[in-house]
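To start, the structure itself, in structure tokens.
The values are calculated or read from the model by the stated rules, or taken from the named source; none is laboratory data. What you see is a predicted model; the values in this text were computed from it and never measured. Neighbour counts are summed over all protein chains in view; Cβ atoms, including those assigned to glycine, are modelled from backbone coordinates with ideal geometry. For accessibility, only protein heavy atoms count, side chains too; no ligands or nucleic acids. Shrake-Rupley method; radii C 1.70, N 1.55, O 1.52, S 1.80 Å.
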Amino acid sequence: LTWGSSVNQIVILNLNSSAVVVLVKACLCVDLFFTFPIVIYPALEMIERALDVPNDVESVWPRNCLRFCIVCLTAFIALLIPYFALLTDIFAGLGQTLLAFVVPPLLVVKLSESSLFSPRQNSLMWTIIIFGVSACVVSTVTSIHHILKH
């Protein structure tokens, strides 16, 4: 925001080219290579169950073909969207704020029904939940505003 349009959305691209930057980019690629399967695996499992794809050793090709298509679709979507960082802002605003500020205190409140926590602790949890929902709404609206502006 301070430097306006002269700052690239992908932070690593703002650095001058050097051996360290190349090493950082290589490390990011290795990280993505190893973490993407972990992230997408639950979605693949749900899609395979919904489509009734067999889960035995003899029918490994239909599962692999479906997984290959989903990975290609994910890459296509990432390349198709011109301002991908803005789209990730929406997901971060929705998902991360809820996971960080709403779900944990909500679990604490649910556990406190058995009177493990004081009313003061419960009110603190509800304050954090309200803050998290507010942050979720503000970040999502801001991200949608930025997408519509581009």
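A few remarks follow.
- Candidates Cys72, Cys65: the one that is surrounded by 10 or more Cβ atoms within 10 Å (Cβ to Cβ), more than 30 Å from Thr140 (Cα to Cα), free of Cβ contacts under 8 Å to residues at least 60 places away in the same chain and not hydroxyl-bearing (Ser, Thr, Tyr) is Cys65.
- Summed over the range 10-20, the residues that are open to solvent by less than 90 Å² (accessible area, probe 1.4 Å) and either part of a loop (DSSP other than H, G, I, E, B) or modelled with pLDDT under 90 (or both) give a count of 4.
- The lone exception for Leu98 - which of (1) more than 17 Å from the chain's Cα centre (by Cα); (2) within 30 Å of Thr142 (Cβ to Cβ); (3) open to solvent by 60 Å² or more (accessible area, probe 1.4 Å) it fails: (1)
- Any chance Ile47 is assigned to a helix (DSSP H, G or I), open to solvent by less than 70 Å² (accessible area, probe 1.4 Å) and under 28 Å from His146 (Cβ atoms): no
- Residue in the range 87-105 that is among the charged types (D, E, K, R), in a helix (DSSP H, G or I), closer than 30 Å to Leu148 by Cβ and out of contact with any Asp or Glu (no Cβ under 8 Å at 6 or more places or on another chain) present: yes
- Thr140 being within 17 Å of the chain's Cα centre (by Cα) and surrounded by 14 or more Cβ atoms within 10 Å (Cβ to Cβ): yes
- Flag for Val53 being free of Cβ contacts under 8 Å to residues at least 24 places away in the same chain, open to solvent by 100 Å² or more (accessible area, probe 1.4 Å) and assigned to a loop (DSSP other than H, G, I, E, B): no
- You will find that of Pro37, Pro82, Pro54, Pro42, the residue that is in contact with a Pro (Cβ under 9 Å, 6 or more places away or on another chain) and not aliphatic (A, V, I, L, M) is Pro54 and no other.
- Qualifying residue in the range 111-123 (condition: under 26 Å from Ala43 (Cα atoms) and surrounded by 11 or more Cβ atoms within 10 Å (Cβ to Cβ)): no
- The set of residues from the range 107-150 being assigned to a helix (DSSP H, G or I), over 19 Å from Gln96 (Cβ atoms) and among the small types (Gly, Ala, Ser) comprises Ser112, Ser114, Ser123.
- Just one of (1) touching a residue at least 12 places away in the same chain (Cβ under 8 Å); (2) open to solvent by 80 Å² or more (accessible area, probe 1.4 Å); (3) farther than 23 Å from Ser5 by Cα fails for Pro82. It is (3).
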